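Notes follow the structure.
The values are calculated or read from the model by the stated rules, or taken from the named source; none is laboratory data. In this text, all values refer to a predicted model and were calculated from it rather than measured experimentally. We place every Cβ from the backbone using ideal geometry, glycine too, and count neighbours over all the protein chains shown. Surface areas here come from the heavy atoms of the whole protein model, side chains and all, with no ligands, DNA or RNA. Shrake-Rupley method; radii C 1.70, N 1.55, O 1.52, S 1.80 Å.
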Amino acid sequence: MTERGLVLVVEDEKPISDLLRLYLQREGFGVHAEFDGPGGLTAARTKHPVAVILDVGLPGMDGTEICRMLRAEDNWVPVIFCTARDDEVDRVLGLELGADDYVTKPFSPREVVARVKSLVRRSNLVQRGAGPMQLGPIVVDVTRRRVLVEDEEVQLTATEFDLLTHLMSEPGRVFSRDQLLSEVWGYASSVGTRTVDVHVAQLRGKLGDASPIRTVRGVGYSVESDS
Ligand code: CA
């Protein structure tokens with residue numbers, strides 16, 4: 001029943017929480033539900049979920065604040081935000097919260113579960129036998145999902161890590177935003193390609209001057225084949 005691991009649902013609207021539980025359990029996930037901010041933060045710290053579905057507007061503490069605190073504690077559990085309004089989408093995308101994905105209410109529970117599955121699959125992905133990838137000062141230990149820039153470890157979200165390794169897998173190739181959405185996120189472009197731009201911007205911010213990611217105007221992104 002829980003062979004896929006535990007998903008933490010932090011959502012104060014009980015009908016939505018119940019619906020998510022139903023769909024997640026049907027797919028083999030265990031579910032732990034919390035209905036306010038402080039409870040959600042504690043559960044994220046103590047229950048070791050494989051993913052967190054996090055409402056933005058919560059009693060006691062905002063979902064964005066919970067995510068920020070987890071990241072500050074070096075907790076990189078995949079987080080999917082549920083946003084109720086466009087201005088919340090802007091907040092989630094605009095702040096460097098380390099979110100992996102977001103959905104806008106009203107959402108289809110089937111869609112949310114598909115996102116959770118994609119995210120968990122990617123963060124569990126261990127490419128055994130794969131040697132480290134290197135590009136200039138950036139070294140990626142694919143097996144341990146670690147990234148070093150000039151021997152300093154850089155903490156990336158699951159999505160940022162996958163985006164970087166995907167781009168680095170074919171230096172010089174130009175990936176369109178739609179290609180990145182389907183190849184990295186694992187679903188079609190229905191969510192819009194803005195999410196790709198936001199994650200690329202966050203990744204660049206973390207890699208700093210070492211970032212090999214080049215914007216190809218009107219097309220998408222590429223990494224330099226040698227730097
Ligand atoms: Ca809410």
Filtering segment 51-73 down to residues that are surrounded by fewer than 20 Cβ atoms within 10 Å (Cβ to Cβ) and over 19 Å from GLU13 (Cα atoms) yields ARG68, MET69, ARG71, ALA72, GLU73
Requiring at least 1 residues that are away from the ligand (no atom under 16 Å from the Cβ) and of a type outside the set (D, E, K, R), the strands (runs of 3 or more DSSP E) wholly within segment 14-124 are 30-34, 51-55
Give GLY28, GLY5, GLY98 a once-over and let me know the one that is among the small types (Gly, Ala, Ser), closer than 25 Å to SER182 by Cβ and in contact with a Ser or Thr (Cβ under 6 Å, 6 or more places away or on another chain).
-> GLY98
Of the residues in segment 148-177, how many are in contact (Cβ under 8 Å) with a residue 24 or more places away in the chain and either more than 16 Å from the chain's Cα centre (by Cα) or within 14 Å of ARG214 (Cα to Cα) (or both)?
-> 14
Which of the residues spanning segment 24-42 are in contact with a helix residue (DSSP H, G or I) (Cβ under 6 Å, 6 or more places away or on another chain) and open to solvent by 50 Å² or more (accessible area, probe 1.4 Å)?
-> GLU27
Long-range neighbours under 7 Å by Cβ, at least six apart or interchain, first residue open to solvent by 40 Å² or more (accessible area, probe 1.4 Å) within segment 127-145, second modelled with pLDDT under 75 = THR143/VAL126; THR143/GLN127; THR143/ARG128; THR143/ALA130
May I ask you to verify whether VAL77 is among the β-branched types (Val, Ile, Thr) and either at positive phi or out of contact with any Gly (no Cβ under 6 Å at 6 or more places or on another chain) (or both)?
-> yes
Which one is modelled with the highest pLDDT, of the residues in segment 82-126 that are surrounded by fewer than 18 Cβ atoms within 10 Å (Cβ to Cβ) and of a type in the set (Asp, Glu)?
-> GLU111
Result of the Cβ filter at 9 Å on segment 7-28, keeping first residues that are under 12 Å from PHE107 (Cβ atoms) and partners that are of a type in the set (S, T, N, Q) and at pLDDT 95 or above, at least 6 apart or interchain, is GLU11/SER17
